[in-house]
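J.: Have a look at this one before I ask anything.
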Amino acid sequence: MDSRKLVMKRVLILAYDFPPYVSVGGLRPSYWYENFKEMGLFPIVVTRNWNPIHGNALDYIQPSKTKEVEVEETEKGILIKTPYKATLANRLTLKDKNGFFSNLLKKISTGLNEIGQWFLPMGTKYELYKAAENFLKEDRVDIILATGDPFVLFKYASILSGKFNTTWVADYRDLWSNDIAMNTKPIQKKIAQVLEKKYLKNVKLISSVSEYIAAKIKEIVSKKPFVINTNGYDENIFIKNIKANQNSSLLTISMAGTIYNWHPCKLFLKVLSDYLKINPNRKIRINFYGINNIKKTSNIIEQFHNLNYNVKIFPKIPNDELIQELSKSNVLLLFNDYSIMGTKIYDYLALNRKIVLCFENDKEAILLKRKYFKTQSVKGLSESLQADLIRKTNSGIVVKDREHLYKVLHDLCSEFEKKGYIENHTVGAENYSRKVQTEKLIEALKNIK
């Protein structure tokens with residue numbers, strides 16, 4: 001047996017999202033599994049056995065291939081994969097059943113699972129609890145680390161902590177009861193607040209991805225120690241792509257990830273359409289990778305007939321492949337998330353491609369923010385985190401409004417035609433690698449008494 005394994009602190013990690021499932025939430029625990037041991041902690045990850053065969057949102061509800069728990073022991077740690085059985089709602093969705101009766105059954109099934117998991121030994125995540133419990137009956141660990149959401153994992157970690165007298169740590173990638181979506185569900189919000197307070201009573205340390213999330217958690221759970229470790233970028237992937245050549249045939253602007261309702265996507269495309277009407281000889285390609293609202297975005301594109309050959313939408317792909325595609329781009333598009341930093345900006349920084357952030361102070365974008373962006377501000381914290389970081393790292397252009405975007409497009413086209421690439425000089429990106437950020441978490445975990 002590895003002598004380091006005997007002296008290292010052993011960390012049991014409850015993580016629902018995990019590769020091969022493609023999600024931002026899976027990248028964080030995946031990095032922990034790959035790198036904890038070299039940093040001095042031995043990881044045991046308990047996750048779901050994923051079977052992603054669709055390349056879209058259906059992968060989240062696709063049953064696993066096996067009904068048995070699978071255990072993999074490698075030089076990096078132990079990976080425990082639990083089986084996933086589709087719920088009635090899942091099965092109806094996979095069969096594309098959308099009639100009135102089917103939709104009613106879906107709502108009932110989903111409601112029973114989502115509510116029942118908090119009060120009964122049931123639900124789609126309960127297999128993780130059973131596998132973790134069985135492991136702890138036979139093997140010792142020093143820390144239980146649960147990453148959420150789903151936040152029912154916090155419940156499981158809290159119960160296991162008490163049952164096996166083991167320290168547990170809560171890692172928040174997002175907010176729980178203080179999440180934006182809860183603002184329109186007062187009863188659900190109140191129940192979530194009660195559950196959050198209940199299950200975090202015995203937590204030893206809280207980890208979160210930003211100062212903002214930490215501040216909002218403290219409104220619910222106070223007097224607990226915190227450590228901030230942002231998502232960052234995976235330096236192991238970027239080493240292979242950091243020196244990749246930009247596209248030289250036409251100006252390529254790419255964006256990856258979710259397009260939210262407050263994102264001025266339509267405004268961006270309208271300005272692009274207007275620009276190309278006046279400058280039809282300019283060659284610009286817009287690439288959207290793994291966006292959520294494909295139909296809505298496609299409908300917007302169709303409204304601007306001259307963009308049909310300029311804008312391309314691609315399905316979700318694994319993160320390392322996504323980075324390869326983004327590295328070929330000349331410019332990376334980012335929509336303003338105000339007091340939320342998000343994850344993709346760190347990948348953008350590492351690629352050293354010019355970032356274009358839309359918008360800082362556009363009238364139409366502000367109206368979208370007022371209508372859809374319900375995240376409350378926190379006194380003392382910036383409401384322009386992405387713009388602040390872009391300026392700090394000299395990594396791109398913070399676009400003020402539509403008129404400014406028009407000029408930016410013109411300048412980018414002129415530079416590309418002259419040089420065949422877009423120059424960029426990001427500084428300090430190394431400070432935002434997952435390695436640097438994970439070291440903060442590692443230090444905090446090692447110092448737990």
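Here, each number is a calculation from the coordinates, and none is a lab measurement. Because the structure is predicted, anything quoted here is derived from the model rather than measured. Using ideal geometry, Cβ is built from the backbone for each residue, glycine included, and neighbour counts are taken over all protein chains shown.
J.: Using Cα positions and a limit of under 22 Å, work out the lysines in reach of Lys223, with same-chain residues fewer than 8 apart set aside.
T.: Here the lysines satisfying the reach criterion relative to Lys223 are Lys155, Lys189, Lys190, Lys197, Lys198, Lys201, Lys204, Lys379, Lys440, Lys446, Lys449.
J.: Mind checking which aspartates and glutamates have their C-alpha under 16 Å from Lys130, skipping anything on the same chain fewer than 8 residues away?
T.: In chain and number order, the partners are Glu68, Glu70, Glu138, Asp139.
J.: Apply the Karplus curve 6.51 cos²θ - 1.76 cosθ + 1.60, θ = phi - 60°, to the phi angles in the range 407-416 and return the couplings in whole Hz, x for Gly and Pro.
T.: Each residue's phi maps through the Karplus curve to give 5, 4, 4, 5, 5, 5, 4, 5, 5, 5 Hz.
J.: Ranked highest first by average number of other Cβ atoms within 10 Å, how do 249-255, 420-426 line up? List each step's numbers first, then the result.
T.: Working: 249-255: 20.4, 420-426: 14.3.
My ranking of the peptides, most packed first, is 249-255, 420-426.
J.: Calculated from DSSP H runs of 4 or more alone, at -39500 (n - 2.57) each and per residue, what is the 222 nm mean residue ellipticity of the chain, nearest 500? Working shown, then result.
T.: On the way: 17 runs with 187 residues, N = 449.
Counting only the DSSP helices, I get -12500 deg cm²/dmol.
J.: Whole angstrom only: what separates the Cα centroid of the range 307-328 from the Cα centroid of the range 198-259?
T.: One Cα centre to the other: 21 Å.
J.: Calculate how steeply helix 186-199 sits against the longest principal axis of the alpha-carbon atoms of the chain, using the helix alpha-carbon long axis, and give the answer as 0 to 90 degrees to the nearest 10.
T.: 50 degrees
J.: Can you tell me, using C-alpha contacts under 8 Å and at least 6 residues apart, the relative contact order of the range 237-306 as a whole percent? Kindly include the intermediate steps, with their values, before the conclusion.
T.: Values: 48 pairs, mean separation 31.9, N = 70.
Contact order relative to length: 46 percent.
J.: By the gyration tensor of its Cα atoms, with a ≥ b ≥ c the square roots of the eigenvalues, what is the shape of the range 1-116: rounded for a/c under 1.5, prolate for a/b over b/c, or oblate?
T.: Prolate is the answer for the range 1-116, as a/c is 1.5 or above and a/b outweighs b/c.
J.: Calculated FRET efficiency, Asp274 and Lys419, Cβ-Cβ r, R0 30 Å, to nearest 0.05?
T.: Working: r = 25 Å, r/R0 = 0.83.
Calculated transfer efficiency: 0.75.
J.: Okay, moving on. Nearest-5 percent of antiparallel DSSP beta bridges in the chain? Don't jump to the answer; show the numbers that get you there.
T.: Values: 4 of 54 bridges.
Taking every DSSP beta bridge with both residues in the chain, the antiparallel ones total about 5 percent.
J.: Rounded to the nearest 0.05, what FRET efficiency do Leu58 and Ile191 have when you use their Cβ-Cβ distance and R0 = 41 Å?
T.: On the way: r = 29 Å, r/R0 = 0.71.
It comes out at approximately 0.90.
J.: In addition: List every residue whose amide H lies under 5 Å from the amide H of Val311, counting only residues 5 or more places away in sequence or on a different chain, with H placed 1.01 Å from N in the peptide plane.
T.: HN-HN under 5 Å from Val311: Ile286.
J.: A further question on this structure: Mind giving me the nanometre distance, one decimal, between the label points for Lys85 and Lys296, set 7 Å out from Cα along Cα→Cβ?
T.: Here the answer is 3.5 nm between the modelled labels.
J.: If packing is taken as the mean number of other Cβ atoms within 10 Å per residue, what is the order of 37-47, 103-113, 136-146, highest first?
T.: Working: 37-47: 20.8, 103-113: 14.5, 136-146: 17.9.
Going from most to least packed, we get 37-47, 136-146, 103-113.
J.: I would also like to ask the following. Take the alpha carbon gyration tensor of the range 235-432, find the square roots of its eigenvalues, order them as a ≥ b ≥ c, and report rounded if a/c is under 1.5; if not, report prolate when a/b exceeds b/c, else oblate.
T.: Working: a/c = 1.36, a/b = 1.03, b/c = 1.31.
In terms of gyration-tensor shape, rounded.
J.: What's the ranking of 48-58, 92-102 by average number of surrounding C-beta atoms within 10 Å, highest first?
T.: Working: 48-58: 15.4, 92-102: 12.4.
Peptide ranking by packing, descending: 48-58, 92-102.
J.: May I ask for the angle, rounded to the nearest 10°, between helix 363-372 and the longest principal axis of the chain, with both axes built from Cα atoms and the value confined to 0 to 90°?
T.: Value to nearest ten degrees: 20.
J.: Let me ask something else. By the gyration tensor of its Cα atoms, with a ≥ b ≥ c the square roots of the eigenvalues, what is the shape of the range 156-276: rounded for a/c under 1.5, prolate for a/b over b/c, or oblate? Walk me through the numbers before you get to the answer.
T.: Numbers: a/c = 3.72, a/b = 1.75, b/c = 2.13.
Oblate, since a/c reaches 1.5 and b/c is not below a/b.
J.: Here's a follow-up. Long-range amide H contacts for Leu332: which residues qualify at under 5 Å (H placed 1.01 Å from N, peptide plane, sequence gap of 5 or more or a different chain)?
T.: For Leu332, the qualifying residues are Ser254, Lys354, Ile355, Val356.
J.: A further question follows. Only residues of the range 36-72 count here: report those whose backbone N is under 20 Å from the spot 7 Å along Cα→Cβ of Asn98, or say none.
T.: Those under the cut-off are 54-62.
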